[in-house]
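Here the structure comes first, spelled out in structure tokens, and everything after it is commentary.
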Amino acid sequence: MARRRTWNPITIIRRRLQRIERQSATRNRTPWTRAVDWCLPLSLPLGFVLAFALDANVSRVSTETLATVRLGRDDRGTPLRGVILRDDPAGVPWPFGSPLATVEIRRRTIEHGWPFASRTTVAPLELPTVPLADPDVVVDLAHPDAARGLLALRDATDVDLFDGLDVSLDVMTTERRRDLVDDVRSRATTTTRSWSATLAVAATLWLLLFVSSIIAVRGIQSGAWLAQRWRRRSMVGKLRDGRCPFCGYDLSGVRFPKRCSECGRRIWG
């Protein structure tokens with residue numbers, strides 16, 4: 001009767017291992033060789049578990065500056081005005097009579113997983129503002145608590161940047177960067193999952209675990225072989241000296257003793 005076909009992965013793996021055992025019945029297969037055979041299927045679920053664990057605990061953060069805006073006033077008491085920079089900010093002069101601050105529009109991306117990004121999170125756009133009066137104070141204009149930071153800045157340095165967000169968005173709209181304006185106003189966080197990258201991570205970890213387990217098994221096997229060889233040499237040396245190979249009792253007066261008269265263990269025959 002033909003064997004019934006099944007798609008159960010556990011049954012398939014068990015049958016494959018049984019086939020390996022039958023095909024290698026005439027070979028000298030030791031427990032160490034069987035341990036290496038078992039490393040391949042057992043490292044697969046561990047690779048998937050480790051892939052999801054790294055996805056939840058390992059992340060890489062990258063920040064990209066999309067645009068730079070300078071804020072200032074033409075004169076004291078005039079409305080706040082902004083200009084977008086297209087060149088290096090260090091080499092471009094300020095176009096205001098009263099320069100106030102620099103605003104950078106940044107996008108922060110968080111990649112989860114190793115060595116590939118299985119899940120990618122794009123955080124809301126950030127607008128960190130660095131006032132010239134106190135460069136150590138950085139206020140994110142897009143943050144919900146920006147008003148508190150701007151109030152503390154005005155009290156400390158007498159610099160009013162309460163209209164900085166609206167002016168920066170107006171500059172972005174004028175420069176046809178409507179996508180950035182929509183992202184700033186939506187404050188949306190997007191997360192994308194790439195299952196192909198998840199499978200690639202699991203496969204990579206599976207391979208690393210399999211190779212590591214083989215190295216560990218062979219290392220333990222080599223250590224056991226060295227220990228057994230040292231034990232045999234020690235036993236042969238004791239026998240040559242006429243002593244019991246187990247307890248070291250002096251048996252030089254007995255020719256080919258069957259048992260040790262001290263510990264009672266069998267020696268010959």
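Peptides 211-218, 109-116 ordered by packing proxy, namely the average of other Cβ atoms within 10 Å per residue, highest first: 109-116, 211-218. For residue 243, nonlocal amide neighbours, meaning residues 5 or more places apart or on other chains whose placed amide H falls under 5 Å from its own, are 251.
Packing-based ranking of 172-182, 137-147 yields 137-147, 172-182, ordered from highest to lowest mean Cβ neighbour count within 10 Å. Summary of the geometry: the stretch 37-73 and the stretch 143-195, compared by the centres of their Cα atoms, lie 27 Å apart.
Among the trypsin sites (Lys or Arg not before Pro) found in the stretch 46-126, those both in a DSSP coil and sparsely packed, with 13 or fewer other Cβ atoms within 10 Å of their Cβ, are 76, 86. For the stretch 59-193, just say rounded, prolate or oblate: build the C-alpha gyration tensor, square-root its eigenvalues into a ≥ b ≥ c, call rounded for a/c under 1.5, and beyond that prolate if a/b exceeds b/c, oblate if not. Cα axes put the stretch 59-193 in the prolate bin. Electrostatic bookkeeping for residue 70 treats Lys and Arg as +1 and Asp and Glu as -1; over the other residues with beta carbon under 14 Å from its beta carbon, the sum is -3.
What does the charge add up to near residue 156, with Lys and Arg as +1, Asp and Glu as -1, over the other residues with Cβ less than 14 Å from its Cβ? Could the numbers behind the result be given before it?
Values: positive: 148, 154; negative: 134, 136, 155, 158, 160.
Charge balance in the 14 Å sphere: -3.
Applying a 4.7 Å Cβ-Cβ cutoff to the chain, the cysteines left without a disulfide-compatible partner are 39. The HN-Hα couplings worked out from phi for the stretch 38-43 by the Karplus form 6.51 cos²θ - 1.76 cosθ + 1.60 (θ = phi - 60°) are 6, 5, 5, x, 6, 6 Hz, whole numbers, x standing for Gly and Pro.
Axis angle, to the nearest 10 degrees, between helix 146-157 and the longest C-alpha principal axis of the chain: 60 degrees.
Relative to the longest principal axis of the C-alpha atoms of the chain, give the angle of the C-alpha long axis of helix 9-23, reported between 0 and 90° and rounded to the nearest 10°. With both axes taken from Cα atoms, the answer is about 40 degrees. Seen from residue 106, the other residues with C-beta closer than 9 Å to its C-beta sum to a net charge of -1, counting Lys and Arg as +1 and Asp and Glu as -1. With both labels modelled 7 Å from their Cα along Cα-to-Cβ, the residue 63 to residue 220 distance reads 4.8 nm.
Rounded to whole numbers, the Karplus 3J(HN,Hα) couplings from phi for the stretch 126-134 are 10, 10, x, 10, 10, x, 5, 5, 8 Hz, using 6.51 cos²θ - 1.76 cosθ + 1.60 with θ = phi - 60°, and x at Gly and Pro. Between amide H atoms placed 1.01 Å from N, distances below 5 Å from residue 141 occur with 127, 129, all of them 5 or more places distant or on a separate chain.
Put simply, the C-alpha atoms of the chain give a gyration tensor, and the ellipsoid matching it has half-axes of 76, 28, 13 Å, longest first.
Where a number appears in this text, it was derived from the coordinates with a stated rule and is not lab data. This is a predicted model, so every value here is computed, not measured. Cβ: placed from backbone, ideal geometry, glycine included. Neighbour counts: every protein chain shown.
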